[in-house]
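Q: Got a structure here, written out as structure tokens. Questions coming.
The values are calculated or read from the model by the stated rules, or taken from the named source; none is laboratory data. This one's a predicted model, so the numbers in the text were calculated from it and none came from an experiment. No Cβ is skipped: glycine too gets one built from the backbone with ideal geometry, and neighbour counts run over all protein chains shown. Only protein heavy atoms, including side chains, enter the accessible area calculation; ligands, DNA and RNA are left aside. Shrake-Rupley method; radii C 1.70, N 1.55, O 1.52, S 1.80 Å.
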Amino acid sequence: MIKGPIALGTIRTSFALGLRLLIQAGTLLLVARMLGPQNFGLFAGVTSLAVLLGTLSTFGTQFVLLGEMSRDPSQRDNVLSYAIPTTLLCGLLLLVLYQALVRWILPSGAIPWQALLAIGLTEVLLQPIFGLMATEHHALGRVARAQLMRNSPLALRLLTACCIFFFSLSPALSIYAGGYLAASVLVLLLGRCCSSNEWPRWRLWRLPSFTELHYAFGYAATNASRAGPAELDKTLAVKLLSVDAAGVYAAGARVVAAVVLPITAMTLSALPRLFRDVKKPSGSKRLLRSMYWVALLYSLALSSVLWLSAPMLETLFGQTYQGMCEVIRWLCLAVPGNALRLVGGNVLMAMGRPWFRVGFEVVGLSMLIVAGFSLVPSMGSKGMILAVVCAEWCMAAIAGAIIIKTNESCRCCERGAD
């Protein structure tokens, strides 16, 4: 079992993530019902693309901030002095790329351009900046507080969805996209006003040196590859499936994604300690074993509950989401692989081997794309689901093999040194 500070941190973070789960579940249900399968599928596809591009906006500097502050909190201002301008510059460039990509993926006029701009600004620019604030607390061991900060824009989005749903406001998609943007603007302003530690003044901002850029790039690639398997399938579904089928698939996939939140709580709580201790095989072996066992047992138990509750969930979403039960049950096969992949990826990142994580997740993303284009034309939604299942288990297996081999190499080096 995981004991001591890790266990206490997991409990606190589980509470924060449990609250996040409730907020996301309520938002998902309301937005899915008020938009219907067709518009919800389009919305989920473009939002997933924005989230995926947004992982690159900080260019990995949030992980540099996490690692440096975990070891030495006094490094905060030094890292932020180049993390903030890097995020602003990269975010603006990626926002232009996002607008070009959605015009290729979506049918002409499917979503108003104002709504697309609001979604892009939120996920590609504002949320990454807000993420730097949360990372400061995470690095200092205040993981639950960091997660509560991340919950604040989600809570405001839920409030927006409630207003639209209960007052039957129209056009729902455009209004919700505006609230989506306003929520992030508000929490960003409140975060800066309520923070006791000022960010470095703009006169102290600078571009990162080549060494700093090279170091951060590995984390940037890692962040994008980590988010890819969780987001890319919704965007592929919009491209490969009918709009109604894409909406049913996206709703089912969002429900299943919530199952791994307890695993996320565990890995987030352990991450600062992993950064400190994972390179010492004798001290980290028990932690790694515990994390893997907890991830496996949690995922099996929770996916079993999800399998049994799938018919009830379909009923909650309404008659327009017929077939969602089958989507959820098939996607349950991917849950244990997803959980093990998440643990393995964070361990490799803490080991200082982000490119190993990028490597196995790029393999998984490639498998997802190839399998999706190969299976969906003949199998429809089932083909998309099978592509996700194969990709998740493949990534989990490769990550486990790399960690075992790396630990064996470290033990050999220790024996050689002795």
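Q: Report whether or not Gly131 is modelled with pLDDT under 90 and at positive phi.
A: no
Q: Turning to a different aspect of this structure: Kindly list the number of the only condition in (1) over 23 Å from the mean Cα position of the chain (by Cα); (2) of a type in the set (Gly, Ala, Ser); (3) open to solvent by 50 Å² or more (accessible area, probe 1.4 Å) that fails for Ser309.
A: The one condition Ser309 does not meet is (3).
Q: To continue, here is another question. I'd like the full set of residues that are open to solvent by 40 Å² or more (accessible area, probe 1.4 Å), in contact (Cβ under 8 Å) with a residue 60 or more places away in the chain and among the aliphatic types (A, V, I, L, M), limited to the range 282-306.
A: Across the range 282-306, there are no qualifying residues.
Q: Out of (1) modelled with pLDDT of 85 or more; (2) farther than 22 Å from Leu88 by Cα; (3) not in a loop (DSSP other than H, G, I, E, B), what's the single condition that is false for Leu169?
A: (3) is the only condition that Leu169 fails.
Q: Pick from Pro107, Pro128: which is assigned to a helix (DSSP H, G or I) and either open to solvent by 10 Å² or more (accessible area, probe 1.4 Å) or in contact with a Cys (Cβ under 9 Å, 6 or more places away or on another chain) (or both)?
A: Just a single option satisfies the conditions, and that option is Pro128.
Q: Would you mind stating whether Ile164 is touching a helix residue (DSSP H, G or I) at 6+ places or on another chain (Cβ under 9 Å), part of a helix (DSSP H, G or I) and open to solvent by less than 20 Å² (accessible area, probe 1.4 Å)?
A: When the stated conditions are applied, Ile164 passes them.
Q: Picking from Leu92, Leu28, Leu35, Leu49, which residue would you name as being under 24 Å from Phe210 (Cβ atoms) and open to solvent by 10 Å² or more (accessible area, probe 1.4 Å)?
A: Leu92
Q: Now, a different point. Being under 17 Å from the mean Cα position of the chain (by Cα), modelled with pLDDT of 80 or more and open to solvent by 10 Å² or more (accessible area, probe 1.4 Å) is the filter here, so list the residues in the range 195-226 that pass it.
A: The answer is Ala221, Ala224.
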